[in-house]
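Here is the structure we will look at, set down as structure tokens.
Throughout, read-outs are computed from the coordinates displayed, never taken from laboratory work. For clarity, every value in this text was computed on a predicted model and none was experimentally measured. Backbone-built Cβ (ideal geometry, glycine too); neighbour counts: all protein chains shown.
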């Protein structure tokens, strides 16, 4: 593989790594193994630190494809905790409010979830990388500043219930959606439509375009691949 000329690598992002961590680690390993000081490396779409799964990385001339690859649809497996909210809509922040869940049944969920199919206007989370006057929203949120973010139009192509535990009030969904969809914000909106609260407790990105989680490698695999390439050189 010629990483200087350009390659596309699909990684299975570890839990609590940022997408920037993935790019940084890939760049460091490649520069170290290839004995180069600089190498163009970029990713094709941010994945939250508390999520795992597909992060596509481009090197060299293939970085020119990043904008094109960013437009591909994405698939997620998401687990929501119903009956409680957090400021970040996930586990990054502690629970700030609880809500009744006695009225929630599988029948109600099956009635509500299909209403999210198709075009949706979604307000991004305050704890997100959306820029407000040149600053990231999460930077302002962490300073305690209130910022009104504008709703964005997105498309949810598929959404299905994989499981619902009425005892724990945990709901697991498979979602196929367009670029720019925040699954954390979707969790918030589902909670509101169910007349309760909700936040994300687990998220795995299982596909970006035609690249599936089965096609991804771990960094351990990547290092072994680079070792093998060195041995064959």
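The calculated FRET efficiency for the pair residue 1 and residue 38, based on their C-beta separation and a Förster distance of 22 Å, comes to about 0.75.
Based on Cα contacts under 8 Å between residues 6+ apart, the range 74-208 shows a relative contact order of 43 percent. Once both labels are positioned 7 Å from their Cα atoms along Cα-to-Cβ, the gap between residue 97 and residue 152 label points is 2.4 nm. Counting other Cβ atoms within 10 Å as a rough exposure proxy, the listed residues 219, 164 run 219, 164 from fewest neighbours to most.
Going from the fewest other Cβ atoms within 10 Å to the most, the residues 50, 186 appear in the order 50, 186.
Reducing the range 38-82 and the range 1-18 to their Cα centroids gives an inter-centroid distance of 9 Å. For the pair residue 229 and residue 179, a Förster radius of 41 Å applied to the C-beta separation gives a FRET efficiency near 0.80, rounded to the nearest 0.05. Each label point was placed 7 Å from the Cα along the Cα-to-Cβ direction; for residue 105 and residue 170 their separation is 2.4 nm. Most simply put, the chain has about 95% antiparallel DSSP beta bridges, counting only bridges with both residues inside it. Springs join every pair of Cα atoms under 10 Å in this Gaussian network model of the chain, and among 78, 107, 166 the largest mean-square fluctuation is at 107. The computed Rg and Dmax of the Cα atoms in Å for the structure shown corresponds, within (1) 19.4, 65; (2) 16.3, 51; (3) 17.6, 54, to (1). The overall shape of the range 74-208 is oblate: from the C-alpha gyration tensor, with semi-axes ordered a ≥ b ≥ c, the ratio a/c is 1.5 or greater and a/b is no larger than b/c.
Take the Cβ atoms of residue 219 and residue 161, set R0 to 45 Å, and the FRET efficiency comes out at 0.85. By the beta-carbon count within 10 Å of each Cβ, the least crowded to most crowded order of 99, 182, fewest first, is 99, 182. Using a Gaussian network model of the chain whose springs link C-alpha atoms within less than 10 Å, name the residue from 100, 124, 49 with the highest mean-square fluctuation. Looking only at 100, 124, 49, the biggest GNM fluctuation is shown by 100.
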